[in-house]
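The values are calculated or read from the model by the stated rules, or taken from the named source; none is laboratory data. Worth saying up front: this structure is predicted, and the values here are computed from it rather than measured. For neighbour counting, all protein chains shown are included, and Cβ atoms are generated from backbone atoms with ideal geometry for every residue, glycine included.
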Amino acid sequence: MLKNNINVIIIAIAMVTSAYLFSNAFQNRNKNTDTISVTGLGKTDFVSDLIVWSGSFSRKSPTLKEAYASLDSDREKIKSYLSGKGVAANEIVFSAVNFNKDYETTYNENGTVRQTLFSGFTLTQSVTIQSKEVNKIEDVSRQSSELINSGIEFYSNAPEYYYTKLAELKIKMIAEATKDASTRAKSIAENADADLGNLKKSDMGVFQIIGQNSSEDYSYGGSFNTQSKNKTATITVKLVYQVD
């Protein structure tokens, strides 16, 4: 009889202990899930301080020697033109010369090839200007048709715009986004009559740069606009706080 009573007491104690441990674990589990998740935004407008503009020019001639001579002449004219516009020599870079052999194909009345004859060489070279004098190079790019009027077969590309202090700007925006998220979390906690606890987790969103007042779409992997001189940068920061 005594042995049975002892077994009953042990079983009862085990049941009470198990119930306590389960209850305590359940409470802690609920406590850990009492969090607030907020997203803050950092946004700023800025003006590009670096411009990259490029163009290409080409010459075609029956012989390689004549083509090179014509291309050399065009290159010197372009150098002189850019220098006259106030572009510094160290801002001008000419690429290596590319050349292609050209062929002319004639066809029979039924559409089959009659013959393919060598017609000469086409040589092409590009020039790139990189400068911090954004407005000046912009004007040069708009006036580049003057090169065509001088007899040069010149093709101008659209300028590209960059910002040399992007790393500093990004740090400033992260701080702004973090502050914005923290303010939102405090406001939510106060309105819910709760106390904001420790920061549990933080995640940074993608960095986006688009043209100001543009209809560009934000990209999942981040946008990086180079077509607009005036840009808008945004970044998001997600914070998760414990709520007491």
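So which residues in region 56-76 are surrounded by fewer than 16 Cβ atoms within 10 Å (Cβ to Cβ) and of a type in the set (Lys, Arg), if there are any at all?
Restricting attention to region 56-76, the residues satisfying the condition of being surrounded by fewer than 16 Cβ atoms within 10 Å (Cβ to Cβ) are 62-66, 69, 72-73, 76.
Once the filter is applied, which keeps residues that are surrounded by fewer than 16 Cβ atoms within 10 Å (Cβ to Cβ) and of a type in the set (Lys, Arg), region 56-76 yields only Lys65.
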So which of Ser126, Ser119, Ser150, Ser144 is crowded, with 16+ Cβ neighbours inside 10 Å, closer than 30 Å to Glu76 by Cβ, modelled with pLDDT under 95 and touching a Phe, Trp or Tyr at 6+ places or on another chain (Cβ under 8 Å)? Ser144
Please tell me if Asp203 is under 17 Å from Asp180 (Cβ atoms), of a type outside the set (S, T, N, Q) and without any contact (Cβ under 8 Å) to a residue 60 or more places away in the chain. yes
Residue pairs within 8 Å by beta carbon, gap of at least six or interchain, first lying in region 47-74 and farther than 24 Å from Phe224 by Cβ, second of a type in the set (Lys, Arg) and assigned to a helix (DSSP H, G or I), listed first then second, are Phe57/Arg75
May I ask you to list the residues in region 131-168 that are in contact with a Ser or Thr (Cβ under 7 Å, 6 or more places away or on another chain) and closer than 19 Å to Ser48 by Cβ? Val134, Ile137, Ser141, Ser156, Asn157, Pro159, Glu160, Tyr161, Tyr162, Tyr163
Report, by residue number, each residue of region 72-85 that is within 32 Å of the chain's Cα centre (by Cα) and either of a type in the set (Ser, Thr, Tyr) or outside any helix (DSSP H, G or I) (or both). Lys85
Expected output for region 120-147 (first residue closer than 16 Å to Phe94 by Cβ, partner part of a helix (DSSP H, G or I) and among the acidic types (Asp, Glu), Cβ below 7 Å, 6+ apart or cross-chain) is Ile129/Glu91; Gln130/Glu91; Ser131/Glu91
Do we find a residue being without any contact (Cβ under 8 Å) to a residue 24 or more places away in the chain and either surrounded by fewer than 13 Cβ atoms within 10 Å (Cβ to Cβ) or part of a strand (DSSP E or B) (or both) anywhere in region 86-96? yes
Applying the selection to region 181-208, what residues are within 15 Å of Val240 (Cβ to Cβ), part of a helix (DSSP H, G or I) and not hydrophobic (A, V, I, L, M, F, W, C)? Ser182, Arg184, Lys186
Those residues of region 49-68 which are in a strand (DSSP E or B) and closer than 18 Å to Glu104 by Cβ, in sequence order: Ser58, Arg59, Lys60, Ser61
Inside region 213-242, the number of residues satisfying the requirement of being in a loop (DSSP other than H, G, I, E, B) and surrounded by 14 or more Cβ atoms within 10 Å (Cβ to Cβ) is 6
Quick count over region 97-120, residues being on the phi > 0 side of the Ramachandran plot and assigned to a strand (DSSP E or B), is 1
